[in-house]
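Notes follow the structure.
Derivation of every value follows stated rules applied to the coordinates shown; laboratory data play no part. Since the model is a prediction, treat every value here as computed from it, not as a measurement. FYI the Cβ positions are ideal-geometry reconstructions off the backbone, even for glycines, and counts take in every protein chain you see.
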Amino acid sequence: MQLIITDDAQSMSKKAAEFVADEVRKNPEALLALSTGSTPIGCYKELVRMYNEGAVDFSRARSLNMDEYIRLDKEHPQGYYYFMKHHLYEHVNIDMNRTFGPDVMKENLDETAKEFDQRIEEEGGIDLILLGIGRDGHIAFNMPENELTFATHIQELSEATIQDNARFFDSIDEVPTKAMTIGIENIFKSKKVLLLANGEAKSDIMNAFLNSETLSTHIPATLLKLHPDLTVIMDQAAAQKCVK
Ligand code: PGA
């Protein structure tokens, strides 16, 4: 594992954007799996800035959303596809036909899940997956449970996650209670994993992630430590409890 601790969230975002841009420079057709939430917003801002300066070209890159609320359509302002459009796609030269996510509006969601995994396979697999981490250790929407699911699947969201996500909605009652998420297999088959964390609120989970001597499905992120190409970038605030 490569571990980078930055002074603050802004420098975490810069380093993360450099990492993503590097991947796209080396592999212009890279399939990126990009996450939503507060953590990567600064990274996307930085990528837009780099694009405007001519430092990165997304014209041949591909991108997917690794999860989506059921059933928010692609234009729903709280949906994850819309999030990526709003924070990145609309501001760079990515071809929208090369961006996709699970079609959660389709009647048969089991079919959606299968088709999504199939499409990832047809595209040749994920080259770089950018992950945030939940305060409970979830990655994408693989939540702490006794068992984790390999394939893309529907996930009931925990009370804590619903509460965390309520800030994006007018009221907590509007927060969807289920999401479709990529499973553990496609996370592990990603050629590179980049995990980001910033802020004090992530310090307990980052301590558990880095210092735990066991792997646990109750802290899904701990499994990432088995990935052969994992980079973690976090700021000092998230790292403050990690020093033994
Ligand atoms: P956050 O979410 O970036 O909004 O903290 C992290 C996650 O749930 O993956």
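General observations
- Residue-by-residue Karplus 3J(HN,Hα) for the stretch 50-61, coefficients 6.51, -1.76, 1.60, Hz, glycine and proline x: 5, 4, 5, 8, x, 8, 8, 10, 9, 4, 10, 6
- Distant-in-sequence amide H partners of residue 6 (H built 1.01 Å from N, under 5 Å): 234, 235, 236
- Proximal charge balance of residue 206 [Cβ under 11 Å; K/R count +1, D/E count -1]: 0
- Pairwise Cα inverse-distance average, inverted: Kirkwood Rh of the stretch 168-235 (Å): 14.1
- Summing charges over neighbours of residue 193, with a neighbour being any other residue whose Cβ is under 12 Å away from its Cβ, gives +1 when K and R count +1 and D and E count -1.
- Karplus 3J(HN,Hα) series, Hz, for the stretch 87-101 with 6.51 cos²θ - 1.76 cosθ + 1.60 (x for Gly, Pro): 8, 9, 3, 5, 9, 10, 9, 6, 7, 4, 5, 9, 10, 7, x
- Eligible aspartates and glutamates near residue 106 by straight Cα distance, threshold 14 Å, same-chain separation 8 or greater: 68, 73, 115
- Across the stretch 1-125, Cα-Cα distances exceeding 22 Å account for 38% of all pairs.
- Simple label model, 7 Å out from Cα along Cβ direction - residue 156 to residue 211, nm: 3.4
- Extension gain from residue 7 to residue 149, taking 0.36 nm per residue of separation minus the Cα-Cα distance: 47.6 nm
- For the cross-link pairs 178/241; 114/191; 114/202, the ones whose C-alpha atoms lie over 29 Å apart are 178/241; 114/202.
- Estimated dipole of the chain in Debye, rounded to 20 [Cβ of Lys and Arg +1, of Asp and Glu -1, Cα centre]: 740
- In a fully extended conformation the segment linking residue 105 and residue 166 would gain 19.8 nm over its present Cα-Cα distance, using 0.36 nm per residue.
- FRET efficiency for the residue 200 to residue 90 pair, using the beta carbon distance and R₀ = 30 Å, is estimated at 0.40.
- Annotation: Cα Rg of the chain relative to the compact-globule expectation 2.2 N^0.38 Å equals 0.95.
- Residues whose amide H lies under 5 Å from that of residue 178, counting only those 5 or more places away or on a different chain, are 70, 157; hydrogens are built 1.01 Å from N in the peptide plane.
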